[in-house]
Amino acid sequence: MSAPPDQPIDTAPGTAAHKDPAAPKVSEREAREVAEAAREQGWRKPSFAKELFLGRFRLDLIHPHPLPTGEATRRGEEFLSRLRRFCETRIDGARIERDARIPDDVIDGLRELGALGMKIDPRYGGLGLTQVYYNKALALVGSVSPAVGALLSAHQSIGVPQPLKQFGTQEQKDAFLPRLARHDISAFLLTEPDVGSDPARLATTAVPDGDDYIVDGVKLWTTNGVVADLLVVMARVPKSDGHKGGITAFVVEASSEGVTVEHRNAFMGLRGLENGVTRFHRVRVPAANRIGPEGAGLKIALTTLNTGRLSLPAMCVGAGKWCLKIAREWSAEREQWGRPVARHEAVGAKISFIAATTFALEAVLDLSSQMADEDRNDIRIEAALAKLYGSEMAWLMADELVQIRGGRGFETAESLAARGERGVPAEQLLRDLRINRIFEGSTEIMHLLIAREAVDAHLAVAGDIIDPDKPMADKARAGANAAAFYARWLPRLVAGPGQLPGTYGEFHPSGHPDLAAHLRYVERTSRKLARSTFYAMSRWQGRMETKQGFLGRIVDIGAELFAMSAACVRAEHLRAGGDHGREAYQLADVFCRQSRLRTEELFGRLWSNTDDIDHRIVKGVLSGTYTWLEAGIVDPSSEGPWIADATPGPSARENVHRPIP
């Protein structure tokens, strides 16, 4: 029997002997239902990526390339100029890496610049930058210190300002946004020691008590949580009279009684990241600090991430640009066998990949960001694709840079400088970028999230047919609706503009590479992708959601098609504006050629793969069939539980919260 919530708990939190009996136990189906209820259901605006997965190449939605207003550009460029001077003179990335801490004076300087309020409306003291220029700022800051970039991103992209901007009351905006624009740092607290991408099992509670809520629980990996002044906390409100209940979002003062930062986490990269474990014990939160209604917390979180995810590929673009610069300078300087290593084909192919991919990533980011600013398209899939593609490709580019640098790529910048060479932190970049494949939705979760959105049209008309819990009457109605939908949709997948030689002719100006041919490929392949998805749904029906390998490849194909489209549109935009048009066309052409090779390989692996036998091997591994293969090693891991106990109760640890004055 557990102690009452207002009494000390006998067994200290963190021991294996005491588990939280209040932690919800949910089935796989219940977990899916929670996630489904949280996603935005309708499509009130057009979506280029959604249409792409349906086999409809809507070039008109992205071409001509959308542009920021003159005033937005002026304000953005002026701020970038000031920010660049600050980065060059005030941020010492090597010091942050060495000390594993962002100096207080750096954060003070960011406050003075207004960087904490880049996305906050000027009426609240912010700069009101567009998404495009906010991303450019993150790319710039992230290039000198990814830890500083992560602090600014966590504060504004997913921290308190964004959910308040979209869902907060006027009173909440008036109370909190001026603080956040000028001084206070915010953090977003969703993950728990035993809750990652499955929020249905969220254990932190917020129990109504008069005009307040009493919050109890433990949150893990709270980026900015060690230094934050204001927190967005996701907690489960119990259902009761007058309370709908459900996962709910709250603004919590980090200085509140009962809030303890129990540990500052350390990682393989982003060593200056102020990320910790935060415990809440009977923390009193005013009902006025609740964001949105009870039960809307996950929807708020997911909606916030729709544009918030764009901050991560912004820093990936910055990383790509730096990789290109170092690869160019080093490969021209370093000679082997009588010529610069860049002139050797094996190295040259890596440089070409870095250059072309950086161009494409910036095209994807700018296009998605400008569409977010215009707010005329639904970009939930585009932003997710940008995050997925950016994090994966940036990691590959950094890995190729380390390979190009050879032994020097593996050596730390500090060691290089100590023996008299340029201190190039290539190995640090590799470590810093690795988390991006996990941050804000791992690659595997992004595959499933995007796949769910991509097949939404199919589930809307035929979902009841494959749902085992639906009555026959519902299945019959769904069958009739599906027959009508597919009678119209399937014939359109047979032929299209991509089969006509002259289509998209404006993308083949005289003297430039033929980007029109690549766009025709995208159109044809979009229809092929839609046919493959339909065939898979027909074949596996209700088991489709278990085919995660297949779904991941479908999404990766869509990501390549989106990137090719963005690269071509950006190249034409630059050509039409007289800004490096010829070079942009060359980069877009080589990127599309590389992307097409990857796309064809992915199509081949849709139906020819080892998914089934992999599953059998996994069953054997988990049952102990192959433990003999583990013989001959010593496991250096320390003793302890795989997942720390998160039983609610008072903290038994020192508070390492470090608010910055």
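Tabulated results
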quantity	calculated
Glu630 paired with Asp579, simple spin-label distance in nm, labels 7 Å along Cα-to-beta-carbon	5.6 nm
Cα gyration tensor, the chain - rounded (a/c under 1.5), prolate or oblate	rounded
Qualifying GluC sites (Glu not before Pro) for the range 403-485 [loop in DSSP, other Cβ within 10 Å: at most 14]	Glu421
Average accessible surface area per residue within the chain, 1.4 Å rolling probe, Å²	45 Å²
Gap separating the Cα centres of the range 448-478 and the range 552-610, nearest whole Å	32 Å
Paired Rg and Dmax values of the range 23-171, which use every Cα atom, in angstrom	19.9, 54
Cleavage-rule hits (trypsin sites (Lys or Arg not before Pro)) in the range 465-535: DSSP loop, at most 16 neighbouring Cβ within 10 angstrom	none
Those GluC sites (Glu not before Pro) in the range 205-275 that DSSP places in a loop and that have at most 11 other beta carbons within 10 Å	Glu257
The chain, accessible surface, carbon-and-sulfur percent (1.4 angstrom probe)	55 percent
Cross-link pairs beyond the 18 Å C-alpha cut-off, checked among Lys173/Lys387; Lys119/Lys165; Lys119/Lys299; Lys25/Lys239	Lys173/Lys387; Lys119/Lys299
Residue-averaged [θ]222 nm for the chain, counting only DSSP H segments that reach four residues, each worth -39500 (n - 2.57)	-17000 deg cm²/dmol
Charge tally in the Cβ shell below 12 Å around Ala588, where Lys, Arg are +1 and Asp, Glu are -1, Ala588 excluded	-1
Relative contact order, percent, the chain [alpha-carbon distance under 8 Å, six or more residues apart]	18 percent
Residue-level accessible surface for Arg616, protein heavy atoms, 1.4 Å, Å²	140 Å²
Separation in nanometres of the label points that stand 7 Å from Cα toward Cβ, at Leu490 and Ser352	4.2 nm
Solvent exposure, largest accessible area first (probe 1.4 Å, DNA, RNA and ligands not counted), of Met537, Met268, Met397	Met268, Met537, Met397
Given the chain, longest segment not containing exposed loop chymotrypsin sites (Phe, Trp or Tyr not before Pro) (DSSP; at most 16 other Cβ within 10 Å)	338-625
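The values are calculated or read from the model by the stated rules, or taken from the named source; none is laboratory data. Just so it is clear, the model here is predicted, and its values are computed rather than measured. Cβ coordinates were reconstructed from backbone atoms using ideal geometry, including for glycine residues, and neighbour counts include every protein chain displayed. When the accessible area is computed, the model is the full protein with side chains, heavy atoms only, and any ligands, DNA or RNA have been set aside. Shrake-Rupley method; radii C 1.70, N 1.55, O 1.52, S 1.80 Å.
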